[in-house]
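Engineer: My structure is below; once you've seen it, I'll send some questions.
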Amino acid sequence: MHPFALLDQLRQRGFRLTKQRAVILQALSELDGHASAEQVHAQVCRYSPEIDLSTVYRTLEALCELRVLSCADLGQGCAQFEIVTGAPHHHLICQGCGHVILLDHSYLAEAAEAIRRDFGFDPIFDHFAIFGLCAGCRSSTQEST
Ligand SMILES: [Zn+2]
Ligand SMILES: [Zn+2]
């Protein structure tokens, strides 16, 4: 989504758009997908060097609480932030080679439905990282054993 379209949408949803929030959302959309707080900070520094890393952290956390951003540990040892746009998606992450596969929400939508039905519990499945072994790594471990 274009950053300005996103900002308009947020204003319409009644969010207070401080300069920091606008700058950080713009940086995230320029980074195209997932970015860590450090990456966002490096991007923000290009046009707003006065915004320091702790401000970036605080703002990212506030935007996650507002569900404007989602936050997931994708195995790089730090949280990855991402702009929430419509349909949720998830990631399959190979612990062997680090390969990341995008997982459509339909796989987890069925599980969410079953949890709602059996427990009356509405789970938040907005951004999942599922760790395991990819097909390539599985076949190479089988060959070596
Ligand atoms: Zn993601
Ligand atoms: Zn792999």
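Engineer: Rank by packing, highest mean first: peptides 129-135, 27-33, with packing defined as the count of other Cβ atoms within 10 Å averaged across residues.
Structural biologist: 27-33, 129-135
Engineer: Just to confirm the filter: which chymotrypsin sites (Phe, Trp or Tyr not before Pro) across region 1-66 are DSSP coil and have at most 11 other Cβ within 10 angstrom of their Cβ?
Structural biologist: Filter output for region 1-66: TYR47.
Engineer: When the chain is treated as a GNM, springs tying every alpha-carbon pair under 10 Å, which of LEU102, LEU69, LEU25 comes out with the largest mean-square fluctuation?
Structural biologist: LEU102
Engineer: Given H placed 1.01 Å from N in the peptide plane, which residues other than close sequence neighbours of GLN80 have an amide H under 5 Å from its amide H?
Structural biologist: For GLN80, whose amide H was placed from the backbone, the distant partners under 5 Å are ALA72, ASP73, LEU74.
Engineer: Might you report the magnitude of the Cβ-based charge dipole of region 1-115 about its Cα centre, with Lys and Arg at +1 and Asp and Glu at -1, to the nearest 20 debye?
Structural biologist: 480 debye
Engineer: Can you list residues whose amide H is under 5 Å from HIS91's amide H, if they're 5+ apart or on another chain and H is modeled 1.01 Å from N?
Structural biologist: Correct list: LEU103, PHE128, ALA129, ILE130.
Engineer: Label points 7 Å out from Cα along the Cβ direction at ALA42 and ARG11: separation in nm?
Structural biologist: 3.2 nm
Engineer: Can you pull the one-decimal nm distance between simple spin-label points at HIS99 and ARG116, each 7 Å off the Cα toward Cβ?
Structural biologist: Between HIS99 and ARG116, the label points sit 3.4 nm apart.
Engineer: Further, regarding this structure: Taking the Cα centre of region 34-89 as origin and charging only Cβ (+1 Lys, Arg; -1 Asp, Glu), how large is the dipole, in debye to the nearest 20?
Structural biologist: Dipole magnitude for region 34-89 comes out near 120 debye.
Engineer: Step through the residues of region 83-90 one at a time and calculate ³J(HN,Hα) from phi using the Karplus curve (6.51 cos²θ - 1.76 cosθ + 1.60, θ = phi - 60°), rounding each to whole Hz and writing x for Gly and Pro.
Structural biologist: 6, 7, 10, x, 5, x, 9, 9
Engineer: Quick check on the exposure proxy: order ASP126, ASP73 from fewest to most C-beta atoms within 10 angstrom.
Structural biologist: Listed from fewest to most nearby Cβ atoms, that is ASP73, ASP126.
Coordinate-derived values only; no laboratory data. Quick caveat: nothing in here was measured; it's all calculated off a predicted structure. Every residue, glycine among them, receives a Cβ derived from its backbone with ideal geometry; neighbour counts consider all protein chains shown.
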